[in-house]
Amino acid sequence: MGRVIAVANQKGGVGKTTTCVNLAASLAATQRKVLVIDLDPQGNATMASGVDKYQVDATAYDLLVEETPFNEVAITDTTGGYHLIAANGDVTAAEIKLMEVFAREVRLRNALEVVRDNYDFIFIDCPPALNLLTINAMTAADSVLVPMQCEYFALEGLTALMDTISKLTAVVNADLKIEGLLRTMYDPRNRLANEVSQQLKKHFGEKVYRTVIPRNVRLAEAPSHGRPAMYYDKYSSGAKAYLALAGEIIRRDEIERSAGTVDA
């Protein structure tokens with residue numbers, strides 16, 4: 001069964017969409033079957049995947065609100081080699097419409113139940129706010145991957161996110177856990193960045209990925225070309241970092257699965 005990972009942070013501009021798209025492409029390059037679900041009405045993950053958000057026939061709105069069958073919504077041809085549920089401005093209306101429907105928090109989880117076995121990893125790019133779209137993502141997810149910058153206010157945002165996750169586990173998804181904390185836009189020459197990084201490792205231990213994502217111009221440029229970084233400039237430090245992160249996640253996943261087999 002595929003693992004569903006919500007990529008979330010209530011603070012914007014931390015590399016959430018960049019992480020979602022580049023990690024998905026890196027895992028797809030290792031022959032894993034990967035799905036990206038864009039739940040952000042800005043549609044940045046959609047555009048970064050080489051898909052014109054203004055030209056798509058169906059989006060996450062259709063999946064969540066209209067209950068359109070998954071195979072009619074999924075886009076199988078992206079520049080990152082993964083499948084995609086697209087988003088555009090229509091997804092803004094989804095939040096309003098979801099207020100009117102029964103069992104609104106589990107719409108995404110129900111939609112994914114029939115296709116989870118088709119994928120190794122499913123990543124959900126969440127909007128940078130706690131709303132019904134984010135709650136749907138958290139309800140459907142097994143875990144949350146948190147990209148964050150190593151700066152003072154990021155720690156405050158992380159505290160708020162942890163509180164949110166704690167509340168959601170009590171109400172809609174008791175099995176939800178932290179997948180990992182990813183340090184993004186990292187500059188090792190910055191003393192504050194190093195101090196915050198040390199605090200993260202002290203408080204969260206193994207949950208902090210060893211891989212760090214550096215500040216990298218190629219990572220910033222790639223979305224405007226509709227490509228993940230590894231297909232825009234595979235030699236860039238950003239592309240290499242996300243490949244390293246994919247390897248780290250695969251190793252963690254294999255360890256967890258083998259431990260589960262032993263426990264069984």
Theoretical ellipticity at 222 nm over the chain - DSSP helices of four or more residues, -39500 (n - 2.57) apiece, nearest 500
-13500 deg cm²/dmol
Find the Cα radius of gyration of the chain, compare it with 2.2 N^0.38 Å by division, and give the number to two decimals.
0.95
Sorted by accessible area with a 1.4 angstrom probe, largest first, how do Phe121, Phe102, Phe70 fall?
Phe102, Phe70, Phe121
Length gained if Ala160 through Asn71 is fully extended, taking 0.36 nm per residue and subtracting the Cα-Cα distance, is 28.5 nm
With viscosity set to 1.567 mPa s at 4 °C, what whole-number translational diffusion coefficient in µm²/s follows for the stretch 142-204 from Stokes-Einstein and a Kirkwood radius over Cα pairs?
104
Rounded to whole Å, √(5λ) for the Cα gyration tensor eigenvalues of the stretch 57-169, largest first, gives 25, 18, 14
Local electrostatic count at Ala241 - Lys and Arg +1, Asp and Glu -1, tallied over other residues with Cβ under 14 Å:
+3
Paired Rg and Dmax values of the stretch 76-121, which use every Cα atom, in angstrom
13.3, 36
Alpha-carbon centroid distance for the pair the stretch 115-174 / the stretch 1-36, whole angstrom:
12
Given H placed on each backbone N at 1.01 Å, which residues far from Lys177 in sequence or on other chains put an amide H within less than 5 Å of it?
Ser143, Val144
List, in order, the whole-Hz ³J(HN,Hα) value for each residue of the stretch 102-107 obtained from phi through the Karplus relation with A = 6.51, B = -1.76, C = 1.60 and θ = phi - 60°; use x for Gly and Pro.
6, 6, 5, 6, 10, 4
Using a 10 angstrom cutoff on alpha carbons, build the Gaussian network for the chain and name the most mobile of Val171, Val36, Val212.
Val171
Using only alpha carbon pairs under 8 Å that are at least six residues apart, calculate the relative contact order of the chain and give it in whole percent.
25
Descending Cα extents along the principal axes, the stretch 127-264, whole Å
41, 36, 32
Most mobile of Ala244, Ala220, Ala229 per a Gaussian network model of the chain (Cα springs, under 10 Å)?
Ala220
Carbon and sulfur atoms account, in whole percent of the 1.4 Å probe accessible area of the stretch 118-261, for 54
Taking the Cβ of Pro128 as the center, what net charge do the other residues with Cβ under 11 Å away carry, scoring Lys and Arg +1 and Asp and Glu -1?
0
Let a ≥ b ≥ c be the square roots of the eigenvalues of the Cα gyration tensor of the stretch 6-66; is it rounded (a/c under 1.5), or, if not, prolate (a/b larger than b/c) or oblate?
oblate
Determine the gain in length on full extension of the stretch Glu256-Ser237; use 0.36 nm per residue of separation and subtract their C-alpha separation, reporting nm with one decimal.
4.0 nm
Per GNM of the chain with C-alpha springs under 10 angstrom, the most fluctuating residue out of Thr46, Thr78, Thr59 is Thr78
Suppose all protein chains stay in the model; what accessible area per residue would a 1.4 Å probe give for the stretch 93-173, in Å²?
43
Fully extended contour minus Cα-Cα distance, from Asn118 to Tyr152, at 0.36 nm per residue
8.2 nm
Evaluate E = 1/(1 + (r/R0)^6) for Val172 and Ala93, where r is the Cβ-Cβ distance and R0 equals 25 Å; express this FRET efficiency to the nearest 0.05.
0.65
Net charge near Phe70, counting Lys/Arg +1 and Asp/Glu -1 over other residues with Cβ under 13 Å of its Cβ?
-3
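The values are calculated or read from the model by the stated rules, or taken from the named source; none is laboratory data. Predicted model, so just to flag it, every value in this text is computed and none were measured. So basically every Cβ, Gly included, is an ideal-geometry build from the backbone, and we count neighbours across all protein chains shown. Accessible surface is based on the protein model in full, side chains and every heavy atom, while ligands, DNA and RNA are left aside. Shrake-Rupley method; radii C 1.70, N 1.55, O 1.52, S 1.80 Å.
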